[in-house]
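Derivation of every value follows stated rules applied to the coordinates shown; laboratory data play no part. Since this is a predicted model, take the numbers as computed values, not measurements. We place every Cβ from the backbone using ideal geometry, glycine too, and count neighbours over all the protein chains shown.
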Amino acid sequence: MTDAMPDPDANTGIDTTVPHSARVWNYWLGGKDNYAVDRETGDAVIAVFPQIRTNARESRKYLGRVVTFLTREAGIRQFLDIGTGLPTAGNTHEVAQAVAPEAKVVYADNDPLVLAHARALLTGAGTTTYLHSDIREVDDLMARAAETLDFSQPIAVLMLGVLGHVHDADEARALVADIVSRLSSGSYVAMSDAVLTEERRKAEEAIADTGGVHYHARDPKDLESFFAGLEWVEPGFTSVSLWRPDIASAVQPDNVLPHTAPTPVGQWGGVARKP
């Protein structure tokens, strides 16, 4: 999309003159839902952290493998994707419903930009719902999700690239615990997030310099601690590129790197089961 094309964000109150984290991520994925200011910010980060584009695309491939595993191997038929971000190829509902057309998927995000795009793009043959809701408002989020999902049965909750928006670690830990407490036994939680390295710190500084939203990367041990009491699915909490790389996603997203021998990246994730 060029900046001269019709603006899908018109009349939504969305400011397209400042960089936006979802649109910058979309740019790193090779998508078209971004503007010159987002590309400038993305390039500024790439200049100090060249791996960020690989991180983004490996994270997208990880999503496909995780949802394929949960649907095909774990038998999950209900998904709650919190902090879904901008829709692109290989969305959760596309992958899950390619395996099990009866799968129900609820997306939740508090970003008006995501809301504007989700109405048009998050469609499919199965049951797919979008909630404009905030992970910090767990009561509201879960009550509205329960209008579509049966919480007496196993649900897979996805929190991919969202916890870094909650800068206080205790708050993030409490939010995860609150969400997990409402799930039935046999449910799963899948997460991924940026891990803190010197290169990542420089990337966060580059984003701050452009006025973009700060995303808080953490030490892998800190991230892993958010899921105390859950049982990690093999291989546990690891680089997203190393999480079951042999799984063939039910839907192959566009704009991802070609298959190569997996090497670690600065996004870590894992899938855990509630006993």
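The table for this structure:
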| read-out | value |
| --- | --- |
| Counted charge near His214, where neighbours are those whose Cβ lies closer than 10 Å (Asp, Glu -1; Lys, Arg +1) | -2 |
| Residue exposure sequence - Thr92, Thr263, Thr238 - by fewest surrounding Cβ within 10 Å | Thr263, Thr238, Thr92 |
| Reachable lysines, given that their alpha-carbon falls under 17 Å from the alpha-carbon of Lys274 and they are not under 8 places away in the same chain | none |
| Note, ³J(HN,Hα) from phi for region 216-223, Karplus 6.51, -1.76, 1.60, rounded to Hz, x at Gly and Pro | 8, 6, 9, 5, x, 5, 5, 5 |
| Per-residue Cβ neighbour rank within 10 angstrom, fewest leading, Glu204, Glu231 | Glu231, Glu204 |
| Computed [θ] at 222 nm, deg cm²/dmol, the chain (DSSP H ≥ 4; -39,500 (n - 2.57); rounded to nearest 500) | -10500 deg cm²/dmol |
| Förster radius 41 Å - calculated FRET efficiency between Ser225 and Val18 (Cβ-Cβ, nearest 0.05) | 0.75 |
| Table column - 3J(HN,Hα) (Hz), region 21-30, Karplus curve with 6.51, -1.76, 1.60, x for Gly and Pro | 4, 5, 6, 5, 4, 4, 5, 4, 6, x |
| Asp134-Arg39 FRET efficiency (beta carbon distance; Förster radius 35 Å; 0.05 resolution) | 0.80 |
| Percent of Cα-Cα distances greater than 22 Å, calculated over region 115-203 | 37 percent |
| Placed amide H near Tyr130: partners under 5 Å, 5+ positions off or other chain | Tyr107 |
| Glu147, Glu205, Glu58 arranged by Cβ crowding within 10 Å, fewest neighbours leading | Glu147, Glu205, Glu58 |
